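Since the structure comes first, as structure tokens, the remarks are kept for the end.
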Amino acid sequence: MAGRIREDDIAEVREKARIDDVVSGYVTLRKAGGGSLKGLCPFHDEKSPSFHVTPSRGFFHCFGCQEGGDVIAFLMKIDGLTFGETVERLAEKYGVQLRREDGDGPSERPRGPARGRLIEANKIAQEFYAAQLESVDATAARGFLTERGFDQDAATTFGLGFAPRNGEALLRHLRARGLSDEESVAAGLVAMGRSAYDRFRGRLLWPIRDASGDTIGFGARRIFDDDKIEAKYLNTSETAIYKKSQVLYGIDLARRDMARSSQAVVVEGYTDVMACHLSGVPTAVATCGTAFGDDHARVLRRFLHDHEEFRGEVIFTFDGDAAGQAAALKAFNGDQNFVSQTYVAIEPDGLDPCDLRIKKGDAAVRELVAKRQPLYRFVLTNVASKYDLDRADGRIDALREAAGLVSSIRDKSKVDAFAREIAGMIGVEVDDARSEVRRAAARASRPAADRRGGDRRPTQPDAAPDQAAPQRPAVPSLRDPRFAIERETLKIVIQHPASVGRVINGVGPDDFSHPTYRGVWEAIAGAGGPAAGVEDQGWSTKVRSSVTDPAVSSAISELGVEPVLTPDAPTPTYVAMHVYRLQELTTMRRIAELKSRLQRTNPVEHAAAYNKMFGELVALEQHRRNLRDQQMRSQ
């Protein structure tokens, strides 16, 4: 069995795989000052960016959810990979030859093919299908594209292909390229019946790629009338690398324009994405065989840089029919996922972007997007249109339904504006609309039993107050001002070990009163101390890799990305000032403890012990004065 990957190879992977380069494949990053970058955290939902990346130290840290680490930790977390799989993936991408140590220890590879093999299988399949699109058998597929205004260049740009009608053509090709049947099945390319066979047969294919451009699945459209599968579209089933609730077709092509323009256009199909991009709307994406959901919104927000300080816009295109209106209502219910303003773009004749481009040209597609209207206005207009507003009871019913929609919005700053819109559309007083919204919100917030008119009895406490389990004292915040010197000293040590010099030699674990900071120092000492990091760029990563306490691990990544409180690299004076102050605070704590013991000691009954403690107190006071003098001289 293969042994562990050699440490020097892992270090080379960390060095060559720049963390800002890797993270940018998942998150739009912007400059945050001090050599740091920031963006919306991909690991939790947030409105303001608290996710920081510091390329010079190879660290990331989110000050919101406390996730942090190096480039390997980032990929392990975001793609659900093991350590070994992550190293292998980065090594392949950045051209590092991995060597393994001899050993018979257990392999950390999970059951089933590695992610890299699934990516490779889909890559080979995409190349195979693209070549098949030029074959005689694909005449009908090429005709389908031509009818919709897509030429060979468009097919090449989007990587389109054709799956031969022969049920084993791709299977044989994958076998010839060294892929096992298990890997082909796990990649979603081959299915198993009485024997293995191609999942896609006789269909036009769109490769579905992740944000970094790797093909992870396919969307397949029926071309032939005798296709035994009735569904017009057939997509890759869920695999280890393809999750339809998190995939957006076209994100690989759109992400950079999204970041530049802070705009995303959500369309309904693959051909609509193509039509938009070819018409000059390069921010278009589409879901893959599923409705737009919360996970899709989170993906978009990361690339839009969607937060309170930098608002963009998300534009949905829907058909004007009942299905389109239902989709718009669903999108409106998810409107609170975005800080950006949400819009809807609907062509008056009910044409989708692809058909619009065919009939009216590229300019019409651009105009469709330009004439967008706020999503909430579209939804409320549809509600109002369902009722006879010339009748008093019709107005009342319309007001109640519209108010119910508005009351569900979490962003209460929008509610008053929506109430005004309702009043204008329905023809009621603004105060009446506001009152109905408040009543709807109150109804929604009442417990279910109250809304049904049921009997709600008070719940019994689980235990009497005196039987409550004792609570552990809360660990103080790392940002408590009491620990500011500890925090800044550790930031200097982690980020600038070469600047520390000998002045740090007198520091030990007892100089850190916060338990987490003490754990950080112990990890630093365990990695050889600051001197070990002078010539080792990956030293701070080694410090973190030896830690088992999640709080300490998170603190190390946090201290590694937060700027030191000096505009330039720490000078010897700056370092000395903090180290001496840190030691002075330790001495002051010892003085306080000794004074407390002296107060509790009878100087007559325990004269020897009292005199010894008094002598120690005098020595500590002198040591404190010396440290204070050293601080003054260092300033």
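General remarks:
- The one condition in (1) at pLDDT 80 or above; (2) touching a Phe, Trp or Tyr at 6+ places or on another chain (Cβ under 7 Å) that Ile422 fails to fulfil: (2)
- Number of the exception - Arg479 against (1) within 33 Å of the chain's Cα centre (by Cα); (2) touching a residue at least 12 places away in the same chain (Cβ under 8 Å): (2)
- Top-ranked residue of the range 158-168 - restricted to ones that are without any contact (Cβ under 8 Å) to a residue 40 or more places away in the chain and either over 18 Å from Phe200 (Cβ atoms) or not acidic (Asp, Glu) (or both), ranked as surrounded by the fewest Cβ atoms within 10 Å (Cβ to Cβ): Asn166
- The set of residues in the range 490-519 being among the hydrophobic types (A, V, I, L, M, F, W, C) and within 18 Å of Val561 (Cβ to Cβ) consists of Leu490, Ile492, Val493, Ile494.
- Given (1) under 31 Å from the mean Cα position of the chain (by Cα); (2) modelled with pLDDT of 95 or more, number of the condition Leu171 does not satisfy: (1)
- Hits in the range 265-305 (condition: part of a helix (DSSP H, G or I) and either on the phi > 0 side of the Ramachandran plot or touching a Leu at 6+ places or on another chain (Cβ under 7 Å) (or both)): His277, His296, Val299, Arg301, Arg302
- Residue in the range 523-530 that is in contact with a strand residue (DSSP E or B) (Cβ under 9 Å, 6 or more places away or on another chain) and part of a helix (DSSP H, G or I) present: no
- Among the residues of the range 547-601, those identified as of a type in the set (A, V, I, L, M, F, W, C), under 22 Å from Pro515 (Cβ atoms) and out of contact with any Phe, Trp or Tyr (no Cβ under 6 Å at 6 or more places or on another chain) are Val547, Ala551, Val552, Ala555, Ile556, Leu559, Val579, Leu582, Leu585, Met588, Ile591, Ala592.
- Any chance Tyr517 is at pLDDT below 90 and either farther than 25 Å from Ala17 by Cβ or touching a Cys at 6+ places or on another chain (Cβ under 8 Å) (or both): no
- Pairs are defined by a Cβ separation below 7 Å, a sequence spacing of at least 6 or placement on different chains, a first member in the range 377-393 that is at negative phi, and a second member that is of a type in the set (Val, Ile, Thr); the pairs so defined are Phe378/Val344; Leu380/Ile422; Ala384/Ile426; Leu389/Ile426.
- Residue list for the range 591-635, restricted to those being within 29 Å of Thr571 (Cβ to Cβ) and in contact (Cβ under 8 Å) with a residue 12 or more places away in the chain: His623, Arg624, Leu627, Arg628, Gln630, Gln631, Ser634, Gln635
- Glu313 being out of contact with any helix residue (DSSP H, G or I) (no Cβ under 7 Å at 6 or more places or on another chain) and modelled with pLDDT of 85 or more: yes
- Search result, residues across the range 420-437 that are touching a residue at least 12 places away in the same chain (Cβ under 8 Å) and in a helix (DSSP H, G or I): Arg420, Glu421, Ile422, Met425, Ile426, Asp432, Ala433, Arg434, Glu436, Val437
- Residue satisfying all of: in the range 211-260; of a type outside the set (A, V, I, L, M, F, W, C) and touching a Ser or Thr at 6+ places or on another chain (Cβ under 6 Å); modelled with the highest pLDDT among these: Gly217
- Residue selected from the range 1-33 under the condition of a type in the set (A, V, I, L, M) and closer than 26 Å to Arg256 by Cβ, by the criterion farthest from the chain's Cα centre (by Cα): Val13
- One residue stands out among those in the range 148-187 that are touching an Asp or Glu at 6+ places or on another chain (Cβ under 8 Å) and among the small types (Gly, Ala, Ser): the one that is farthest from Asp214 (Cα to Cα), which is Gly167.
- Close pairs from the range 119-138: first in the same structural domain as Tyr197 (by TED's automatic domain parsing) and touching a residue at least 12 places away in the same chain (Cβ under 8 Å), partner crowded, with 21+ Cβ neighbours inside 10 Å and polar (S, T, N, Q), Cβ under 8 Å, at least 6 apart: Ile119/Thr215; Ala121/Ser184; Asn122/Thr215; Lys123/Thr215; Ala125/Thr215; Gln126/Thr215
The values are calculated or read from the model by the stated rules, or taken from the named source; none is laboratory data. Not measured: the values here are computed from a predicted model. Cβ coordinates were reconstructed from backbone atoms using ideal geometry, including for glycine residues, and neighbour counts include every protein chain displayed.
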